There are 2 protein chains.
Amino acid sequence: MSLNLTILGCHSATPRINAFPTSQYLEINNRHFLIDCGEGTQRQMRKYKVGFSKIDHIFISHLHGDHFYGLVGLLSTYGILSREKEMHIFGPVGIKKATLQMLKISESHAKFNMIFHELSSTESELIFEDDKVSVRTIPLKHRVYTNGYLFTEKEKPRKLNMLNISGYPEIDKADYNNIKAGRDITLASGEIISNKELTMNPPKPLSFAFCSDTCYKPDIVPIIKNVDLLYHEATFLDDRQDLAKKTRHSTSIEAAQIAKDADVKQLVVGHYSGRYKDISLFKKEAETVFSNVELAEPGKTFSID
Amino acid sequence: MSLNLTILGCHSATPRINAFPTSQYLEINNRHFLIDCGEGTQRQMRKYKVGFSKIDHIFISHLHGDHFYGLVGLLSTYGILSREKEMHIFGPVGIKKATLQMLKISESHAKFNMIFHELSSTESELIFEDDKVSVRTIPLKHRVYTNGYLFTEKEKPRKLNMLNISGYPEIDKADYNNIKAGRDITLASGEIISNKELTMNPPKPLSFAFCSDTCYKPDIVPIIKNVDLLYHEATFLDDRQDLAKKTRHSTSIEAAQIAKDADVKQLVVGHYSGRYKDISLFKKEAETVFSNVELAEPGKTFSID
C-alpha cells in the first residue's frame, strides 16, 4: 500500500512562463488517477514522467479553464496514440457535451470509449469503487459548482501472525484465507482459537483529499477527517481575505484551519495567486495554525508508504 | 516597413516536452497577427515576449487540435486580463460555436467582442484589409478544410526625389502630396514636369505566406508568387512520401519545390513529424531543390527590413 502524489501544476488563473494551472497525478494502491487538467497538463505529464497510459480515471473539480482546458487535448492525444482502454471522466454536468463537441469539430477519431460521469449532487457521494480504492466527492463552495475528491485505499485483509500460528501444528495453510478474513479457528479438540491471537491488524488504508477551488468551508471537515494527505487550495495570503471572500477562494490560514480541524497528517497548499512572488510565505503563514505544511510545486512528489 | 515572424510552435501532432504545436506571431507593417494556436501557445507567447496585447486578429488554418486547442484558453486569458478591444478570429466554419460553447461552460466572462469570420470558400479570397496590410486565404488541401494565409503590406506612396524637386523652386510643399500620389506637376509656364522626374519608387511591399497543413498543391504557386517569406509545412522527409500522401502532408522536397516554383525569397519549413530526431535533415533535403531554406524552431524570429 502506498500513495504518491505528483504535482503537475499548482498555480491559479492563466498559464505563464513559470505558472502551470492545476493538475495532479495520484498513484494510490496501484491505481493511477489524474485530478484536474489545466492547459498544458499533457506536457507536464511527459516532463515529470508520470504513467501517461496508466490513467483510466480523470477527475475534474470544476469547469473553470485553469482546471480543465487541457482535457480535450489530452483525450485527443490518447486517440492519436491509438489508446483502446476506456477512459472514465468525472466532472460537473456539461463536461461531456463541451468535450465531445470540441473533439468532434477537430475530427479526433479516438477509438477508445469515453465514459462521462456527470456530477450534480451537493452531498458527498461515492462515485468510484473497486477492490483497491474508493473515491468520494467533497462538495466545495466556489463561484461555480465544484467538487473535491477523497481517495481512500480499501482495507486489506488481516495479517497472519506466523509466530502464534506455528504454535498450532494442526492449523493448515488451507485455513489461512479464513484467518485473514477474520474468522476464529476450531481445532479437532473443539478448542476455539480466537482470530485475534492468529492475526495482526492490517496496515491502515491511506487516504488523500483534494480540495480546490473553494472558499473556507468547515463542513468538509467530517468528510476528510484524519486523511494522510490533504491538498487544500490557498490562493491568497491572509492580507487579501477580502479578495478570497469575493472570489470564493481560501487563504493559507483557512487551509491550515481545515487541516487542523480535520486532524490530517500533512497539508499541501497550492493554487497560488500570481500576485505573490515568494510562495514560501504560504507555508510560513499556514504553519502559524498547523505544523505539517508543504508547498505544491510542479514536479514535486509527496509519498507515503 | 518591416516584417518579423516569430515561431511559437512548429511540431506536428501532440505537445511533448520539446515539441510545441503550431503557432506563429507575425508583425508586419506595424500590424500584429497570431497564426494558429495549438495548446500552450499563450505560454510560448509569454516565453518569447511577443506583444500579447497587440494582437487584434487571429488566423486559424484548420480545426485539428494541434492548430487550435490553445485558442479557448487564450481568449479566456484575455478576458481575465480585462481586455476591452475587439478580437477578430478567422477560421473554418464551426470555430465560432465550439469556441463560444467552451467559453460559456467555463463561465469566462470576457467583456471584449469576439468577431468570428468563418471561412468556407475553396477559392482564394481577400478576408482582411486596412491601410497597412491585406490578408488573403490560400486554399490548401489536407484531411479537413484548410486555408493558408497570405499577408501583404499595402503599397506606400512614391518617394519624393528632393534633389530633382529642388531644381524647380516653383514647386511648393503643398504639392508634395499630389506628387507622392503619382501626379505630374504643371508649372506656371505651362511646362509639365513628369512625376517620374520628381519621385522614386516606394519600397516594395513585403509579403509572407503561411501554408500549413497541406499536401503538395502546386496550384497555390500563383497566389504566393514572389513572396519574401514562405512558411510551408514539411511533416515528412522524402523517405516517407507514402505517409505524406496518406495523411495529406508534404515532404521537405515538396515544400522546396513550391518555394522554387513560386520564386520566393526564403523558405521556412516546419511541422516536423515526431519520428525525426534530427530536424536539420529537413533543411538539407529541401536545399537539394531550393537554396534559401531555414528551419522553424520555437523562439526563432525571421526578420526582413
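The values are calculated or read from the model by the stated rules, or taken from the named source; none is laboratory data. What you see is a predicted model, and the numbers here were worked out from it, not measured in a lab. Glycine also receives a Cβ, built like all others from the backbone with ideal geometry; neighbour counts cover every protein chain displayed. The area values use the complete protein model at the heavy-atom level, side chains included, leaving out ligands, DNA and RNA. Shrake-Rupley method; radii C 1.70, N 1.55, O 1.52, S 1.80 Å.
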Integer Hz, Karplus 6.51/-1.76/1.60 couplings in order for region B:46-57, x for Gly and Pro:
5, 4, 9, 6, 7, x, 3, 8, 7, 6, 10, 9
In whole Hz, the Karplus estimates of ³J(HN,Hα) for region A:22-33 (6.51, -1.76, 1.60; θ = phi - 60°; x where Gly or Pro) are 4, 6, 9, 10, 10, 10, 9, 6, 6, 10, 10, 10
Among B:ALA181, B:ALA256, A:LEU34, the residue whose Cα sits farthest towards the positive end of the charge dipole of the protein assembly as shown, when +1 is placed on the Cβ of each Lys and Arg and -1 on the Cβ of each Asp and Glu, is B:ALA256
Which distances, shortest first and in nm, link A:ASN161 to the matching position in the other copies, using label points set 7 Å out along Cα to C-beta?
11.1
Considering the alpha-carbon set of region B:159-200 alone, what are its Rg and its Dmax in angstrom?
9.0, 25
How about A:LYS49: which lysines have a C-alpha closer than 22 Å to its C-alpha, ignoring those fewer than 8 places off in the same chain?
A:LYS85, A:LYS300, B:LYS277
Cross-link reach from B:LYS111 to aspartates and glutamates, straight Cα distance under 19 Å and at least 8 residues apart if same chain, gives A:ASP66, B:ASP56, B:GLU84, B:GLU86
Applying a 10 Å radius around every beta-carbon, put A:141-148, A:90-97, A:35-42 in order of their mean neighbour count, most first.
A:35-42, A:141-148, A:90-97
Considering only DSSP beta bridges whose two residues both sit in region A:171-273, what percent are antiparallel, to the nearest 5?
15
If R0 = 25 Å, then B:GLU118 and A:VAL93, at their Cβ-Cβ distance, give a FRET efficiency to the nearest 0.05 of 0.30
Contour minus Cα-Cα span, B:LYS49 to B:LYS284, at 0.36 nm per residue, comes to 81.6 nm
For helix B:252-262, report the angle its Cα long axis makes with the longest principal axis of the Cα atoms of chain B; keep it between 0 and 90° and round to the nearest 10°.
20
So what's the projected area for the protein assembly as shown, the Cα convex hull averaged over all directions, in nm²?
36.9
Would you mind checking the tilt of helix B:71-80 against the longest principal axis of the Cα atoms of chain B, expressed as 0 to 90 degrees and rounded to 10?
70
For chain A, take the longest principal axis of its alpha carbons; what is the angle in degrees between that and the long axis of helix A:95-105, to the nearest 10 within 0 to 90?
60
For the protein assembly as shown, calculated [θ]222 nm from helices alone, where every DSSP H run of n ≥ 4 adds -39500 (n - 2.57)
-6000 deg cm²/dmol
May I ask you to give the percent of accessible area on region A:159-200 that is carbon plus sulfur, with a probe radius of 1.4 Å?
50
J(HN,Hα) series, region A:125-131, from Karplus relation 6.51 cos²θ - 1.76 cosθ + 1.60, nearest Hz, glycine and proline x:
9, 7, 10, 8, 7, 9, 6
Filtered GluC sites (Glu not before Pro), region B:137-206: DSSP coil and at most 14 other beta carbons within 10 Å:
B:GLU155, B:GLU170, B:GLU191
Across region A:180-305, how large is the tail of the calculated P(r) beyond 25 Å, expressed as a percent of all Cα pairs?
37
Taking the label point as lying 7 angstrom from Cα along the Cα-to-Cβ axis, what are the distances from A:PRO218 to the corresponding position in the remaining copies, in ascending order and in nanometres?
7.9
Roughly how big is the protein assembly as shown's charge dipole about its Cα centre, with Cβ charges of +1 (Lys, Arg) and -1 (Asp, Glu), in debye to the nearest 20?
140
Label 7 Å beyond Cα on the Cβ vector: B:ASN113 copy-to-copy distances, nm
4.8
Sorted by chain and number, the residues with a modelled amide H under 5 Å from that of A:TYR272, at a separation of 5 or more or across chains, are A:SER12
Using a Cα-Cα cut-off of under 22 Å, which lysines could be cross-linked to A:LYS180, ignoring same-chain neighbours fewer than 8 residues away?
A:LYS132, A:LYS154, A:LYS156, A:LYS159, A:LYS196, A:LYS204
In the B-onto-A rotation, chain B's nearest residue to the axis by C-beta, with distance in whole Å, turns out to be B:GLY40, 3
Got a sec? Charge dipole of the protein assembly as shown, +1 on Cβ for Lys and Arg, -1 for Asp and Glu; which of A:SER212, A:SER273, B:GLY91 is way out at the positive end?
A:SER273
Between A:THR199 and residues 5 or more places away or on another chain, which pairs have amide H atoms under 5 Å apart, with H built 1.01 Å from N, and which residues are they?
A:ASN161
Considering only DSSP beta bridges whose two residues both sit in the protein assembly as shown, what percent are antiparallel, to the nearest 5?
55
Across peptide B:7-16, how many C-beta atoms of other chains are within 10 Å of each residue C-beta, on average?
3
Can you give me the long-range amide H partners of A:ILE60? Hydrogens built in the peptide plane at 1.01 Å from N, cutoff under 5 Å, separation of 5 or more residues or another chain.
A:ASP36, A:PHE90, A:GLY91
Point-to-point label distance, B:LYS111-A:THR301, nm (Cα→Cβ direction, 7 Å offset)
4.6
